[in-house]
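The values are calculated or read from the model by the stated rules, or taken from the named source; none is laboratory data. Quick caveat: nothing in here was measured; it's all calculated off a predicted structure. So basically every Cβ, Gly included, is an ideal-geometry build from the backbone, and we count neighbours across all protein chains shown. The area values use the complete protein model at the heavy-atom level, side chains included, leaving out ligands, DNA and RNA. Shrake-Rupley method; radii C 1.70, N 1.55, O 1.52, S 1.80 Å.
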Amino acid sequence: MITIDAKNKYYKELNREIADAPDSDVTVENVCGQRYIGTNASDKTITVIGTPGNGLGAYLNGVNLVIKGNAQDATGDTMNAGEIVIHGCVGDACGYGMRDGKILVKNDAGYRAGIHMKEYNEKIPNIIIGGKTGSFLGEYQAGGRIIVLGIGYEDVCPVGGFCGTGMHGGEIFIRTKKRPVNLPAQVEITTASDEDMDSIKGSVSEFCERFDIKASDILSSHFYKLTPNSSNPYTELYVNQ
Amino acid sequence: MSVNYIPATFAVLRDNDRCIKCRACERQCSNEVHYFDADFDKMLVHEDQCVDCQRCVTICPTNALKIIENPNSFRKASNYSQQLILENYRQSSTGAVLLSSMGNPQDFPVYWDKMLINASQVTNPSIDPLREPMETKVFLGKKHTHITRNADGSIDTSGQSPQLEIAYPIMFSAMSYGSISYNAHESLARAATELGTFYNTGEGGLHQDFYQYKTNTIVQVASGRFGVSKDYLDAGAAIEIKMGQGAKPGIGGHLPGKKVSDDVSKTRMIPKGTDAISPAPHHDIYSIEDLRQLIFSLKEATDYKKPVIVKIAAVHNVAAIASGIARSGADILVIDGFRGGTGAAPTRIRDNVGIPIELALASVDQRLRDEQIRNEISIVAAGSIRSSSDAVKAFALGADAVYIATPALLAIGCHLCRSCHGAKCNWGIATQRPDLVKRLNPDVAYKRLVNLVHAWDHEIKEMMGGMGINSLESLKGNRLMLRGIGLTDRELKILGIMHAGE
Ligand code: SF4
Ligand code: SF4
């Protein structure tokens with residue numbers, strides 16, 4: 001393992017140093033707002049101690065990022081493969097256009113988590129959020145899976161308003177008994193069936209293991225499942241001139 | 001007849017003395033206009049389905065066909081065209097948004113046609129491009145503010161931002177695979193490669209087969225992020241962030257699921273048959289600072305080796321927006337005027353939103369000069385550059401290069417029927433139907449694109465030579481080379497040119 005001190009380093013310099021580090025296991029200390037960590041790297045596990053800046057793991061391609069702290073906006077933007085594990089909260093637009101890999105957030109996420117998430121064949125991205133999220137969760141979601149566990153928010157609905165606006169693919173699971181408010185018309189909400197629960201069991205257990213949470217308590221709770229009722233939401237909108 | 005009777009827009013005239021009933025027109029028409037009636041032993045028509053693409057007229061072996069505007073018309077009124085009435089009928093019977101394609105066909109001023117180019121007489125000799133060297137090669141990207149020299153006197157290029165070198169000041173603008181066909185993309189890619197210029201993937205990703213042309217490919221990143229992966233970003237010679245499109249400013253893209261075929265789905269990396277939605281905004285960009293964040297994330301992902309282009313639609317505050325973009329770290333700015341083409345756009349948006357490229361370009365170039373940041377960014381003018389003379393005028397107004405799309409499609413067989421959104425293009429361009437796509441032969445089409453650019457380049461050199469200018473650099477922003485004709489003082493002021501005779 002190699003340790004890099006990020007103190008007083010500009011992101012360009014720091015990221016080059018991480019990418020060039022002659023070890024696949026890199027720990028970066030004293031991180032304070034440096035952007036795009038992991039973006040230019042490949043085949044590495046990068047442990048970040050401190051607070052990384054925006055665009056953490058943008059276009060990430062097979063790198064594992066572990067953040068011992070909070071992450072900011074645009075984390076995992078257009079991420080292609082790999083894993084981002086955040087031992088804290090994450091800012092807005094986490095996992096924008098993400099198409100594979102996973103993002104695990106121990107606590108809360110900001111607005112627009114999982115926006116434009118997509119899937120294709122065996123590439124199915126996953127975002128799991130332990131706490132609550134802001135509004136517009138899964139906006140324009142076209143594929144993949146978002147799971148919100150609402151740990152510590154058992155008395156309220158752990159997602160903000162307008163969840164799944166423009167959603168036309170993928171699924172969202174929310175551990176709660178309170179229905180999300182103002183869901184758009186094209187989103188269908190059902191109580192997760194046993195079969196549904198089986199489909200997320202592996203992911204949720206893995207999440208719990210990572211953050212030392214008792215999986216059986218979580219998995220035995222009530223989950224809502226959100227899916228779009230059309231993969232062609234705009235077909236009726238247009239008439240040829 | 002119902003209240004909503006919609007008369008055919010075109011009349012199909014068949015000379016039955018000439019028609020030999022070979023039924024070629026029937027086989028060729030994807031709109032199913034022609035059919036053979038055995039009882040009458042005659043070719044008949046569903047005239048209302050005709051879009052005037054001229055395919056049957058071209059193919060008919062006996063020249064038996066003519067398509068004309070339907071002479072049957074509603075009572076004339078200059079404030080209420082038949083078109084408007086029919087649109088009302090269509091909307092009142094469906095409740096839907098009108099959709100159309102290609103550039104704005106409305107009667108707005110075309111400023112290119114109101115500007116005249118200078119030529120030398122007596123005092124400043126003109127140059128013969130056939131005899132003397134003429135430079136139309138362009139480098140796009142940020143330039144240093146000052147020239148510094150190395151010890152040996154050569155120019156110091158260290159620290160220079162990445163540049164896009166184009167052999168001709170003409171590039172093919174973004175058209176996605178999905179909106180146009182595989183064969184159309186192949187033609188553009190091969191032509192760009194042979195010419196030493198660039199074509200642009202549009203926002204639909206890059207087909208595996210076309211990675212071989214990557215040296216001449218600009219890859220686009222739009223709000224939907226379709227097909228954007230590490231390989232894709234690495235493949236591009238430059239990366240273009242699409243913020244807007246001239247034909248539909250403020251509106252995103254929407255490729256209907258029915259156009260998302262197997263192959264398109266693979267290239268876009270989304271399941272077959274689902275709508276591909278690119279909303280108008282990038283939901284992570286609300287400011288120039290946010291744009292800067294996306295620009296630098298792309299630079300970081302590609303090791304600062306590629307220029308990043310930002311494309312915007314020409315809108316009212318374009319000069320102020322461009323000033324922000326020039327400070328955002330972008331290397332190249334594309335301004336797309338409101339007459340630019342599209343594979344599909346809501347009609348009302350296409351016909352009413354945005355401003356002409358001529359005015360936008362002139363005001364942006366002036367603003368960046370006034371702020372002394374013109375060197376920070378190259379400008380590419382797009383959105384209805386129809387000919388080499390339009391291009392020359394664009395250079396004189398400050399463009400470093402131009403993007404063309406409609407002229408490129410015309411070169412490969414488009415007849416500008418403006419029906420691309422129907423996805424049944426009889427010329428094999430704006431369609432994914434295999435039987436139609438194969439009508440476009442890339443071996444022939446790419447050569448026609450090469451021809452077109454060669455011809456324009458020669459004309460550009462001739463016009464430059466006439467002005468006594470032997471390098472595009474000396475034409476760029478040289479507004480003294482232009483004069484307005486029939487323009488108001490205000491228009492002349494915005495264009496930064498004098499009136500003819502002055
Ligand atoms: S292609 Fe010409 S000759 Fe043949 S059926 Fe049609 S109109 Fe008649
Ligand atoms: S590309 Fe095809 S459909 Fe579109 S205008 Fe040209 S000929 Fe018509």
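What the table shows:
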item	result
Accessible solvent surface per residue of the range B:343-424, calculated while the other protein chains remain in place, 1.4 angstrom probe, Å²	27
In nm, spacing of pseudo-spin labels at B:Arg348 and B:Asp15 (7 Å Cα→C-beta vector)	4.5
DSSP-loop trypsin sites (Lys or Arg not before Pro) across the range B:404-502, with at most 15 other Cβ within 10 angstrom	B:Lys438
Shielding score for B:222-234, defined as the mean number of other chain Cβ atoms within 10 Å	5
For the range B:395-421 versus the range A:179-222, the gap between their alpha-carbon centres in whole angstrom	51
Number of partner chain Cβ atoms within 10 Å, mean per residue of B:292-304	6
A:Lys12-B:Arg23 FRET efficiency (beta carbon distance; Förster radius 56 Å; 0.05 resolution)	0.25
Angle in degrees between helix A:194-211 and the longest Cα principal axis of chain A, rounded to the nearest 10	20
Förster radius 41 Å - calculated FRET efficiency between B:Ser161 and A:Lys201 (Cβ-Cβ, nearest 0.05)	0.20
Antiparallel DSSP beta bridges within the range A:54-231, percent to nearest 5	30
Contact order normalised by residue count of the range A:107-241, Cα under 8 Å, 6+ apart, percent	21
Relative contact order of the range A:177-240, defined on C-alpha pairs under 8 angstrom at six or more residues apart (%)	51
List of the range A:71-109 residues, accessible area with partners at least 20 Å² below that of the chain alone (1.4 Å probe)	A:Ala74, A:Asp77, A:Thr78, A:Asn80, A:Tyr96, A:Arg99
Relative contact order of chain B, pairs being alpha-carbon contacts under 8 Å that are 6 or more residues apart, as %	19
Label-point gap, in nm, between B:Asn88 and B:Glu459 - each point 7 angstrom along Cα→Cβ	4.1
Over 28 Å between alpha carbons, listed pairs A:Lys44/B:Lys259; B:Lys76/B:Lys493; B:Lys66/B:Lys438	A:Lys44/B:Lys259; B:Lys76/B:Lys493
Computed helical MRE - 222 nm, chain B, DSSP H runs ≥ 4 contributing -39500 (n - 2.57), nearest 500	-8500 deg cm²/dmol
Accessible area of B:Glu165 in the full protein assembly, 1.4 Å probe (Å², nearest 10)	90
Alpha carbon centroid spacing (whole Å) that separates the range B:1-62 from the range A:24-54	65
Accessible surface of the protein assembly as shown [probe 1.4 Å, protein heavy atoms]: carbon and sulfur percent	49
Modelled FRET efficiency - R0 51 Å, B:Ser120 with B:Gln54, Cβ distances, 0.05 increments	0.75
Centre separation in Å (Cα based) which lies between the range B:110-136 and the range B:433-502	12
Buried accessible area, chains A and B (both chains, 1.4 Å probe, Å² to nearest 100)	3900
Choice from A:Met98, A:Met197, A:Met79 with maximal GNM fluctuation in chain A (Cα, 10 Å cutoff)	A:Met197
Spacing of the two label points (7 Å from each Cα toward its C-beta) at B:Arg448 and B:Glu289, in nm	5.1
Between helix A:11-20 and chain A: long-axis angle, C-alpha atoms, 0 to 90°, nearest 10	80
Using alpha-carbon coordinates, inclination of helix B:442-466 to the longest axis of chain B, degrees	50
Whether the range A:54-231 is rounded, prolate or oblate, judged on the alpha carbon gyration tensor where a/c under 1.5 counts as rounded	rounded
Per residue solvent-accessible surface (Å²) - the range A:17-94, probe of 1.4 Å	29
Exposure ranking of A:Asp5, B:Asp113, B:Asp390 by accessible area [1.4 Å probe, largest first]	B:Asp113, A:Asp5, B:Asp390
17 Å Cα-Cα reach of A:Lys225 towards aspartates and glutamates, excluding residues that sit fewer than 8 places from it in its own chain	A:Glu139, A:Glu154, A:Glu171, A:Glu188, A:Asp194, A:Glu195, A:Asp196, A:Asp198
